Every structure is written in C-alpha cells, then in structure tokens.
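A quick write-up on the structure given underneath.
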Amino acid sequence: MDTDWRMPDDDEALLAECEVHTFRSGGPGGQHQNTTESGVRLVHLPSGVRVESRSERSQHRNRRIALERLREKLVDLATPETPRRATRVPRSEKRRRLDEKKRRSQVKKMRRRPPREPD
C-alpha cells in the first residue's frame with residue numbers, strides 16, 4: 001500500500017477507490033437468494049484488498065458490512081508490526097528442566113530388566 005495514502009472518512013469516498021461487484025450469493029436461503037444479486041464484493045484498487053459480504057438479504061446492508069470489513073483490513077495493513085524482542089531462558093528454568101530430565105531418566109532406568117547374573 002502507498003505510504004502517502006490516507007483512509008477516507010466517509011463511505012462514498014472509500015467506495016470511489018473500490019471496484020464494486022454484485023453477485024448472486026447462492027447457498028441456503030431459498031428463492032430470494034437465488035434470484036437477487038444481493039452479494040457484494042469490494043476490491044480496493046490502491047491496496048488490492050478484497051472483501052465480500054453475502055450474509056444479508058439486502059444488497060445495501062451487505063455493502064455496509066463489506067465497507068466495515070474493508071476498513072478493518074486497511075487499518076490492520078496500516079498499523080506497523082512491533083519488532084520482536086529476543087529473550088533468554090532464565091538460569092532457574094534451565095536448572096529445573098535439567099532436573100526434570102534427570103528424574104525422568106531415573107524412572108526409565110528403573111523399568112529396565114535387571115542385568116543377568118553369570119552362571
């Protein structure tokens with residue numbers, strides 16, 4: 001996404017930056033969904049982000065839902081990821097792990113068959 005791009009405040013300006021596709025949503029819902037083009041797909045041209053909504057019977061409500069989803073995705077893209085800070089395992093945790101390994105090996109040694117005595 002361009003660094004100088006700013007998200008518009010109103011929905012009309014955001015829609016102007018998008019390609020709007022309507023389609024028949026299909027799936028369960030019967031005759032109404034199969035005959036009306038109530039599904040809405042928005043493709044944001046500057047960023048290439050694509051969202052769609054087809055949960056409602058109304059195209060207007062689906063467009064509103066798709067715009068909300070688009071805003072959420074664009075905000076997620078615009079927020080920079082915080083860099084990971086490397087940490088080290090504390091000495092006490094290392095000691096605890098090693099003690100647990102030793103204890104576990106002792107338990108497993110006790111399961112072995114005793115050595116055979118020579119005749």
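The values are calculated or read from the model by the stated rules, or taken from the named source; none is laboratory data. No experiment lies behind these values; they were computed from the predicted model shown. As a convention, Cβ positions derive from the backbone with ideal geometry for all residues, glycine included, and neighbour counts pool all protein chains shown.
Determine whether Thr82 is closer than 30 Å to His21 by Cβ, without any contact (Cβ under 8 Å) to a residue 40 or more places away in the chain and exposed (fewer than 10 other Cβ atoms within 10 Å of the Cβ). Spelling it out, it is not the case that Thr82 is closer than 30 Å to His21 by Cβ, without any contact (Cβ under 8 Å) to a residue 40 or more places away in the chain and exposed (fewer than 10 other Cβ atoms within 10 Å of the Cβ).
Residues of segment 63-119 being under 20 Å from Gly48 (Cβ atoms) and either among the charged types (D, E, K, R) or outside any helix (DSSP H, G or I) (or both), which ones? Residues satisfying the conditions are Arg63, Glu68, Arg69, Arg71, Glu72, Lys73, Asp76, Thr79, Pro80, Glu81. Quick one: is Leu77 of a type outside the set (Val, Ile, Thr) and in contact (Cβ under 8 Å) with a residue 40 or more places away in the chain? Considered against the rule, which asks whether it is of a type outside the set (Val, Ile, Thr) and in contact (Cβ under 8 Å) with a residue 40 or more places away in the chain, Leu77 comes out as yes.
Every condition in (1) touching a Lys or Arg at 6+ places or on another chain (Cβ under 6 Å); (2) charged (D, E, K, R); (3) part of a strand (DSSP E or B) is met by Arg41 except one, and the failing one is (1). Please go through segment 56-79 and pick out each residue that is within 20 Å of Glu37 (Cβ to Cβ), among the small types (Gly, Ala, Ser) and either surrounded by 13 or more Cβ atoms within 10 Å (Cβ to Cβ) or at pLDDT 95 or above (or both). Hit for segment 56-79 is Ala66, nothing else.
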